[in-house]
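Down below is the structure, laid out as structure tokens.
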Number of protein chains: 2
Amino acid sequence: MKSREVHLVDRPPGMPSTDDFEVVDTDLRDPGPGEVLVQNEYMSVDPYMRGRMRDRKSYTAPFALGQVMTGGAVGRVLESHVPAVMEGDYVLSNFGWREAFTCAADEVTPLGKLEASPSAYLGVLGMPGMTAYTGLLGAASMKDGESVFITGAAGAVGSVAGQIAKVKGCRVVGTAGSAEKVDWLMDELGFDHAFDYHDGDHRKQIRVGAPEGVDVFFDNVGGELLQAGISCMREFGRIALCGAISMYNDTEPAPGPTNLPRAIGLGLNIRGFLVRHYAHMRADFMRDMVQWLDEGRVTYRETVYEGIESAPEAFLGLFTGANLGKMVVKLEAGA
Amino acid sequence: MKSREVHLVDRPPGMPSTDDFEVVDTDLRDPGPGEVLVQNEYMSVDPYMRGRMRDRKSYTAPFALGQVMTGGAVGRVLESHVPAVMEGDYVLSNFGWREAFTCAADEVTPLGKLEASPSAYLGVLGMPGMTAYTGLLGAASMKDGESVFITGAAGAVGSVAGQIAKVKGCRVVGTAGSAEKVDWLMDELGFDHAFDYHDGDHRKQIRVGAPEGVDVFFDNVGGELLQAGISCMREFGRIALCGAISMYNDTEPAPGPTNLPRAIGLGLNIRGFLVRHYAHMRADFMRDMVQWLDEGRVTYRETVYEGIESAPEAFLGLFTGANLGKMVVKLEAGA
């Protein structure tokens, strides 16, 4: 069977371009005993992939040049040679930007009966959703009724984090990069205050929504917003460092927060985390999130690019704010 | 009775000078019912006092201009009007840079039978010692046998922290500001490695003593050493932010660490703390530290300035590294 996949072909020091990627035709081997053939319907593009494009030691191995961009995808089984997986089943995999692939059956995760759209398993019910859940309830030990500040609040992680905080009775302030996103946060997701980070005084804006200060700060952005958030923390506040998307394309180290010594007198707890550090919370996450979706207490939106050729552009759009909610790439059925 | 005390008379933006302080003669009132008259033997000068010289909201109220520099002191009771306190008893107080004072008996803490020299209650058995203990065992959750990095390791807090870590079977690396201090850490306190922060590549030096990286980083200094320490952390390492003495006299915000995003992938926990946040650990601290002193597993040195006039100079010496161990001011008996 024919397929296409996207390779990384260059390691840009700064903002990547579509020239750093190449769409390549491949022939898939027929699945043998114990194997499955999967056709992807949705592929994920995520900010963390930017770090893997650099050739340096990090928490995940770098992508290899001339090899596929790996990452999450959801697809359907076209052919199965194991009894536990049926043709037509939806499976989650981590083989990345490919239209289809053959692999051992235990390298995919069957999704069973879908609780939401297939793409939701790359977002609200997937890694980003669990990142939001574990960041707030694990890393930041968020308590009901606290004041919460979220940067990148209209993104895949931030938009779920804000809604979880509302479910827990918190007061929620968020930042985003456009008026449209701010409206979504305020009008549909129930944020108590949201503002466009391009506008005005960040500290003043945070104080509008959290006049008594911030108990929990969930940071996806880093840079100036991290500094502003630190300035608004209350005594014994917790900061979950989830990402620093404002810095991922920097060619020189960006200045760090000058106000870190505030953490001393306030007894702040600043905790970096990856979702895999909280793998033990997976069952709780799935139970709660399925229920909240079912009750309509958590909703989601996606920004969908179509066709495997659009994957690089979709990925680059993460760094220019082209996404509202989760960014996914939809593949043509039967490609 | 006559006494002398030291007032703050100016708020310098940068490095203070002796001109910012004034020695003032006072008359003490005679103690009335429920009161005691105390003559101080030792007064404490501590880095945190620098922050209180600024007229801004912080975790403690600013010192008032034209008023005494308050802080810890140990003295003996000259006259008591309560049964629970006897003349000649040693008491700890927080009235600061004064030769003597009259106060309500419940505003001083009787020390009972001394377990060490009176001045030790301002150091290893006092606030700095408990800061070291609670920072390692509370804020940083240090486990036996971990690798520990301590900045300001020859100071009142750092020198105790290093020894506690050795008692707990840890590998300990420290920084100090002179060859003499480095020798003390290595030859007398049992550090596994120590280096003068004026010399060479900080990261390389930390790696000499902690080749596998650092589990617990106890930071008293901030600035470049904070950045270097973050660079050497292991997965799930903990950083106790105790102080930032390199920054206390800055007139402009100093650059923050550019490598804070490392905390994300490594799951670092960075916790600022004050000793008072761990007041519940006081009994454990006193029991352990008295025992360790008794067994000779913890020792201490002091840098002693004499006479109340020397208090400003002693205080300023904290910022130029004039102290080895705890800096105290000894007062003439019967002043």
Beta carbons within 10 angstrom, averaged per residue: use that to sort the peptides A:228-241, A:277-290, A:178-191, highest first.
A:228-241, A:178-191, A:277-290
Anisotropy class of segment B:244-287 from Cα gyration tensor, a/c 1.5 cut
oblate
Could you please report the charge total around B:Ile245, scoring K, R as +1 and D, E as -1 over all other residues with beta-carbon less than 12 angstrom from its beta-carbon?
-2
Taking each label point as 7 Å beyond Cα in the direction of the beta carbon, state the distances from B:Ala283 to the same residue in the other copies, shortest first, in nm.
3.8
Could you line up A:Cys170, A:Cys242, A:Cys103 from fewest to most neighbouring Cβ atoms inside 10 Å?
A:Cys103, A:Cys170, A:Cys242
Kirkwood-based shape ratio for the protein assembly as shown, expressed as Rg/Rh from alpha carbons:
1.07
Does anything in segment A:278-322 have its amide N under 13 Å from the 7 Å Cα→Cβ label point of A:Val167, and if so which residues?
A:282-300
A:Glu22-B:Thr18 FRET efficiency (beta carbon distance; Förster radius 60 Å; 0.05 resolution)
0.30
Contact order relative to length for chain B, counting C-alpha pairs under 8 Å separated by 6 or more residues, stands in percent at 18 percent
For B:Lys2, counting only aspartates and glutamates whose alpha-carbon sits under 18 Å away and dropping same-chain residues fewer than eight positions off, the answer is B:Glu22, B:Asp25, B:Asp27, B:Asp30, B:Glu35, B:Glu41, B:Glu79, B:Glu99, B:Glu309, B:Glu332
What are the label-to-label distances in nm, one decimal and shortest first, from B:Gly190 to the same spot in the other copies, with labels 7 Å along Cα to Cβ?
5.7
Mind listing the label-point distances from A:Asp55 to the same position on all other copies, shortest first, one decimal in nm, points 7 Å along Cα→Cβ?
5.8
With the Cα gyration tensor of segment A:216-255 giving a ≥ b ≥ c as the square roots of its eigenvalues, does the rule (a/c under 1.5 for rounded; else a/b larger than b/c for prolate; else oblate) give rounded, prolate or oblate?
prolate
Which Cβ of chain B lies nearest the axis of the rotation superposing B onto A, and at what whole-Å distance?
B:Gly256, 2
Rounded if a/c is under 1.5, else prolate if a/b is larger than b/c, else oblate: which is segment B:127-294, with a ≥ b ≥ c the root eigenvalues of its Cα gyration tensor?
rounded
Obtain the nm distance between the two label points defined at A:Glu79 and B:Asp106 by a simple spin-label model: each point lies 7 Å from its Cα along the Cα-to-C-beta direction.
8.6 nm
Sequence-separation-based contact order of segment A:127-294, relative, with Cα cut under 8 Å and 6+ spacing, percent:
23 percent
Taking chain B as a Gaussian network, where each spring joins two C-alpha atoms under 10 Å apart, which residue of B:Gln39, B:Gln163, B:Gln227 fluctuates the most?
B:Gln227
Alpha-carbon centroids, segment A:162-241 and segment B:251-307: separation in whole Å
32 Å
Per 0.36 nm of contour for each residue apart, how much would the distance between A:Thr251 and A:Met186 grow if the chain were fully extended, relative to their Cα-Cα spacing?
19.9 nm
Given a 10 angstrom Cα cut-off, can you work out which residue in A:Val216, A:Val298, A:Val157 is the most mobile in a GNM of chain A?
A:Val298
If each of B:Glu313 and B:Met1 carries a label point 7 Å out from its Cα toward its Cβ, how far apart are those two points in nm?
2.7 nm
Cα gyration tensor of chain A diagonalised, 5x eigenvalues square-rooted, in angstrom largest first, produces semi-axes 36, 22, 17
Cα-Cα over 25 Å: which of B:Lys57/B:Lys326; A:Lys113/A:Lys181; A:Lys143/B:Lys168; A:Lys143/B:Lys166; B:Lys113/B:Lys326?
B:Lys57/B:Lys326; A:Lys113/A:Lys181; A:Lys143/B:Lys168; A:Lys143/B:Lys166
Considering only DSSP states other than H, G, I, E and B, which trypsin sites (Lys or Arg not before Pro) in segment B:67-160 qualify as loop sites with at most 14 other Cβ atoms within 10 Å?
B:Lys113, B:Lys143
What does the convex hull of the Cα atoms of segment B:1-73 come to per residue, in Å³, rounded to a whole number?
116 Å³
Per-residue Cβ counts within 10 Å, from other chains only, averaged over A:106-115: what number is that?
0
Picking from B:Gly135, B:Gly152, B:Gly307, which is most flexible by a Gaussian network model of chain B using Cα springs under 10 Å?
B:Gly307
Helix-only mean residue ellipticity at 222 nm for chain A, each DSSP H run of n ≥ 4 adding -39500 (n - 2.57), per residue, nearest 500
-5500 deg cm²/dmol
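Every number in this text was worked out from the coordinates using simple rules, so none of it is lab data. Just so it is clear, the model here is predicted, and its values are computed rather than measured. Glycine gets a Cβ as well: all are built from the backbone with ideal geometry, and neighbour counts include every protein chain shown.
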